Each structure stands twice: as structure tokens, then as C-alpha cells.
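Input: a single structure, listed below in C-alpha cells.
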Ligand code: AMP
Ligand code: MG
């Protein structure tokens with residue numbers, strides 16, 4: 001058995017980033033940039049008005065008055081010629097002409113015949129958004145290795161980026177094993193269980209923006225397991241669920257051996273999650289997850305999220321664990337590192353961690369459904385007030 005730290009280091013030194021592709025910016029949400037992206041234009045491109053109001057040259061004001069012309073300047077109108085001794089109606093986004101420099105918002109002006117009167121002391125350049133004040137042409141708007149999320153998508157589109165080089169996303173096959181497993185929604189007998197875990201693992205994979213995911217399910221026989229994994233190996237990454245302990249009906253390891261998959265590790269000093277393993281066949285990666293949803297969630301968040309993000313090209317994917325203050329005592333009977341289901345809350349004194357339930361067995365699903373974090377209980381005696389590391393769970 002190896003430690004979780006050794007396991008992480010073996011994974012890191014055996015995985016490669018995916019190749020890249022160039023796609024349309026409007027299809028890039030959820031992808032990871034494969035190069036620094038630069039703005040093609042200044043943002044804004046020209047000086048323009050931040051308000052609906054009147055634009056003029058402040059030096060042409062006589063006391064607080066100026067003649068106005070009936071011409072309007074709206075957002076979308078090209079830059080126009082104006083008389084520097086006159087004021088003009090301007091709307092938000094309207095381009096400020098070269099010889100004018102100040103916008104008085106409509107709330108502070110009055111019109112008397114053909115004169116505009118400004119009822120407030122104002123300064124030059126008031127209400128003007130300067131060309132390039134947000135972004136200058138050539139500035140980096142997204143660094144390589146970052147996700148394209150709704151907000152930087154906005155900046156990329158605004159900067160005139162049309163095509164973007166991103167990392168390809170891996171395709172993922174999930175293989176669940178077990179004679180007892182049944183498809184969700186069908187009527188089950190009392191000795192059967194629903195295959196819920198495939199859907200949790202699929203949802204976690206999907207949460208990283210991966211779309212090409214296929215679910216396989218197979219019975220506990222060597223032949224079926226070999227056949228299923230063989231098909232699953234058409235995908236870039238294979239995640240197996242269950243059937244990987246020492247039992248006579250656990251066929252994942254014998255099947256991987258038969259298929260000549262190289263074993264990099266199997267079995268960790270981790271609770272729950274002991275049978276987690278990493279295998280390779282050519283450029284394909286196979287990770288073996290335990291069958292229990294709680295155990296496989298621990299393994300997923302501890303190892304697979306960072307691994308898949310690395311393959312997808314993300315920077316800083318293997319994150320340091322954060323710390324919070326325990327609001328519970330804990331006595332462990334095991335010398336393995338243990339992760340318990342917890343609820344983290346923000347308080348005036350920082351993050352506090354509670355147990356999501358007292359019964360922390362890995363088959364207990366209700367606690368997992370309430371939890372928002374996994375708390376690492378490493379030493380066998382934990383006292384209220386101790387600082388403990390935790391991993392946040394993906395929750396909507
Ligand atoms: P195993 O790792 O195959 O020994 O399975 C451990 C426990 O997890 C057993 O009680 C299984 O019934 C349960 N289990 C295995 N696979 C799944 C699955 N896909 N969905 C729900 N429970 C599962
Ligand atoms: Mg099983």
C-alpha cells in the first residue's frame with residue numbers, strides 16, 4: 001500500500017496534456033486556453049459617452065451656458081464632425097467627436113430656447129469613457145491554462161477574438177461492475193441495487209466541461225469484464241467502478257492484467273478508497289474506483305479532478321488543501337488517512353468544519369448528500385478546535 005502523496009506523484013509523472021485544436025470563440029465556453037490570448041482592439045475603441053446627456057467642449061462654456069445644435073449622436077453612429085462652440089445631444093455609447101470633451105448628464109441640464117444651461121459645477125472629461133481604458137490592443141485578455149468561463153468569454157468576444165486555440169477534452173468511459181446493479185428507474189428486487197454511482201461519476205466528469213462520456217455496465221465475470229474494458233479502451237480515460245478489491249468476484253484487476261495494462265499502483269493507505277488504482281495501456285489511462293459512492297467520491301475529488309484538469313490543460317490543477325477549524329472530536333481506529341463527510345461554514349473566525357453525520361461508514365449515502373466537503377482526519381485523535389484540511393465537494 002502506498003500513501004496518497006506517492007499516488008499523486010505517480011499520477012503526475014505519468015500523464016500528458018492533451019493535444020490542442022482551434023475552435024470558434026462562441027463555442028469555447030468551458031474549454032481551457034492553450035495559448036495566451038491577446039486583444040485585437042482597444043476597449044473601448046473610441047472615446048464615448050457613459051451617460052445620456054449633452055456633449056460639448058468645456059472651454060466653450062460661457063459661465064454655465066452654451067448654444068446647442070439639433071444633431072444627435074447615438075450608440076452605433078460613426079464618429080461625426082461637430083462645431084466646437086456647440087453642444088449636441090448624445091446617448092450612452094455615442095462616440096465623442098474629436099473637438100468635444102465633456103458630457104453633462106441630462107439630469108443636470110436645462111434647455112432655454114437654443115441654449116443649454118448646466119446647473120452644476122462640472123469638470124472636463126466628465127462622463128467620458130476613454131479609448132483603451134479597459135483593455136489596450138495587444139493586451140493579454142486570457143492566459144494559457146485558464147478555463148473560458150462566462151466572464152472571460154465576454155472579454156474575449158469584446159476583444160475581437162474570433163478563433164481560439166484550446167486543449168482537446170479527453171473522452172471518458174465509465175465501467176460499472178456488479179451482478180447486483182440495475183438501471184435507474186426499473187423495478188428492483190430486494191437483493192438488487194440501483195447503479196447510482198455511474199451517474200455520480202458521470203456528473204462529476206461533466207462538471208469539468210467534458211461531453212464525450214459513455215457508460216458501460218458489466219456483470220461479475222472475467223469474460224464480461226475483459227470484453228467491456230476492451231471496448232471502453234477506445235476512450236482516452238477509463239474509470240472503472242467496483243470489483244477491484246480482493247474478493248473472488250472482483251474481476252477488474254485480472255481483466256486489466258489479461259488486457260496487458262501496466263499497473264502503476266493499486267491500493268492506498270486511504271479510508272475510504274483503499275482499492276483506488278492507476279493503470280496504463282499505451283496512451284490510455286485507467287483508474288479503478290471503489291464501488292461505494294462515498295469511496296469513489298473521495299477518490300474522484302482527491303485524484304481524478306486534478307488529473308483530468310491537467311490532461312485538459314489547466315494550470316494549478318492539483319491544489320493545496322485548505323484548512324478549517326474542527327467543531328468535533330474524532331477518534332480513529334485506523335492508521336490510514338481518512339476523509340469524513342463534512343459541512344463547512346464561514347464564520348467570523350474563519351472556516352469551521354462540522355461532521356455531516358456521526359456514522360461515517362462508506363456505504364452511508366445520506367451523509368454524502370448533505371455534505372459540502374471532505375475533511376481529512378489524519379491523526380487518530382482530533383480535538384474540537386484543531387485545524388484540519390478539507391476538500392470542497394462539487395455542489396450546485
Ligand atoms: P465493490 O467495490 O464492487 O465491492 O462494491 C462495493 C459496494 O458498492 C457494494 O455494496 C456495491 O453494491 C456498491 N456498488 C458498486 N457499484 C455501484 C454502483 N455503480 N452504484 C451503486 N452502488 C454500487
Ligand atoms: Mg462488486
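The values are calculated or read from the model by the stated rules, or taken from the named source; none is laboratory data. On a predicted model such as this, the values are computed, not experimentally measured, just so you know. Cβ coordinates were reconstructed from backbone atoms using ideal geometry, including for glycine residues, and neighbour counts include every protein chain displayed.
Observations on the model:
- Restricting attention to region 282-292, the residues that are buried (at least 23 other Cβ atoms within 10 Å of the Cβ) and within 9 Å of ligand 1 (Cβ to nearest atom) total 3.
- For residue 137, the test of being surrounded by fewer than 16 Cβ atoms within 10 Å (Cβ to Cβ) and closer than 26 Å to residue 33 by Cβ is passed.
- Any chance residue 332 is more than 16 Å from ligand 2 (Cβ to nearest atom) and free of Cβ contacts under 8 Å to residues at least 40 places away in the same chain: no
- Residue within region 59-67 that is surrounded by 15 or more Cβ atoms within 10 Å (Cβ to Cβ), modelled with pLDDT of 95 or more, outside the structural domain of residue 140 (by TED's automatic domain parsing) and more than 15 Å from residue 122 (Cα to Cα) present: yes
- Pick from region 239-252, criterion within 13 Å of ligand 2 (Cβ to nearest atom) and buried (at least 22 other Cβ atoms within 10 Å of the Cβ), ranking: farthest from residue 296 (Cα to Cα): 251
- Residue pairs meeting the criteria (Cβ under 7 Å; at least 6 apart or on separate chains; first over 10 Å from residue 341 (Cα atoms), in region 372-385; second part of a loop (DSSP other than H, G, I, E, B)): 377/332; 380/332; 382/329; 383/329; 384/327; 384/328; 384/329
- Residue check: residue 214 meets all listed conditions (1) under 23 Å from residue 295 (Cα atoms); (2) in contact with a strand residue (DSSP E or B) (Cβ under 6 Å, 6 or more places away or on another chain); (3) away from ligand 2 (no atom under 16 Å from the Cβ); (4) part of a loop (DSSP other than H, G, I, E, B) but one, namely (4).
- Subset of region 253-264 that is within 16 Å of ligand 2 (Cβ to nearest atom) and more than 21 Å from residue 311 (Cβ to Cβ) - its residue that is nearest to the chain's Cα centre (by Cα): 253
- Residue match in region 218-238 (condition: touching a helix residue (DSSP H, G or I) at 6+ places or on another chain (Cβ under 6 Å), crowded, with 20+ Cβ neighbours inside 10 Å and under 29 Å from residue 23 (Cα atoms)): yes
So that you can scan it fast, the table gives a plain yes or no per residue for (1) more than 21 Å from residue 313 (Cα to Cα); (2) part of a loop (DSSP other than H, G, I, E, B); (3) away from ligand 1 (no atom under 16 Å from the Cβ):
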| residue | (1), (2), (3) |
| --- | --- |
| 157 | yes, no, yes |
| 160 | yes, yes, yes |
| 166 | no, no, yes |
| 170 | no, yes, yes |
| 175 | yes, no, no |
| 186 | yes, yes, no |
| 189 | yes, yes, no |
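- Tally of residues being in contact (Cβ under 8 Å) with a residue 40 or more places away in the chain and crowded, with 22+ Cβ neighbours inside 10 Å across region 259-277: 5
- Given (1) within 30 Å of residue 306 (Cα to Cα); (2) part of a strand (DSSP E or B), number of the condition residue 104 does not satisfy: (1)
- When region 2-28 is filtered for residues that are part of a loop (DSSP other than H, G, I, E, B) and either at positive phi or surrounded by 13 or more Cβ atoms within 10 Å (Cβ to Cβ) (or both), the ones remaining, listed by number, are 3, 14, 15, 17, 18, 28.
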